1. In Å³ and rounded to a whole number, note down the convex hull volume per residue for the Cα atoms of the range A:22-62.
2. Across bins of 10 angstrom width beginning at 0, how are the C-alpha pair distances of the protein assembly as shown distributed, in whole percent?
3. Using every Cα-Cα pair within chain A, state what percent have a distance larger than 18 Å.
4. Treating cross-link reach as a plain straight distance, find the aspartates and glutamates whose alpha-carbon is under 15 Å from the alpha-carbon of B:Lys57, omitting any fewer than eight places away in the same chain.
5. Taking the Cα centre of each part, how many Å lie between the range A:22-88 and the range B:16-89?
6. For the range B:1-110, go through all pairs of different Cα atoms, get the mean of 1/r, take its inverse, and jot down that Kirkwood value in Å.
Amino acid sequence: KQEVTQIPAALSVPEGENLVLNCSFTDSAIYNLQWFRQDPGKGLTSLLLIQSSQREQTSGRLNASLDKSSGRSTLYIAASQPGDSATYLCAVHASSGGGADGLTFGKGTHLIIQP
Amino acid sequence: DTGVSQNPRHKITKRGQNVTFRCDPISEHNRLYWYRQTLGQGPEFLTYFQNEAQLEKSRLLSDRFSAERPKGSFSTLEIQRTEQGDSAMYLCASSLLGGRTGARKNIQYFGAGTRLSVL
């Protein structure tokens, strides 16, 4: 059974700092990996998707990397802003379903950016 | 494209009552997913549809839960004889896999969720 772990569970940093969120998964047979953002009481917003054949994806100040063989992904946030405060979730799609079945999520990293 | 819509946003019910939630996916998305999220946890997969066919159900989906997607458009999730342990946020997501555009990434777009409180 796939398990996804996110470290740290919570993080508080001053505005302007660069930071890294970590995600690890136990079964390397994945179709893709997605990073999401969730604001309190709200749904999920997709930030980045990395296909299993890719090593990284970038969107603005966000960069996500994937090392499938070691079962790890990182989300790098550059020049953090108070508006980045949210819970960040990592999720993987199993390759057995061709990316068609449900995602397996980690518990998330609760991020607070201090003004 | 108005995004994934879920109704109601909040539902408070007494234990033993039945509840039904609705999800309207992004137009033309052929896949629709239901997840459940409890406080401090990531979402957990419940079930998914490709068009009107329900293709997979998690072990979390007890026989008190039933989901439908008539005509491959909106979907409903019904919980019968609710229990306090059913209290959670129920999230719906939709995606496009294949189709005319040959979409392959299967990016899932989530709705805002329905928060259920069972008293």
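Here, each number is a calculation from the coordinates, and none is a lab measurement. Here the structure is a predicted model, which means the values were calculated and not measured.
1. 105
2. Once binned at 10 Å, the Cα pair distances of the protein assembly as shown give 8, 32, 35, 20, 5, 0.
3. 46
4. Filter leaves A:Asp101, B:Glu44, B:Glu68, B:Glu78.
5. 25
6. Result for the range B:1-110, one decimal place: 14.4 Å.
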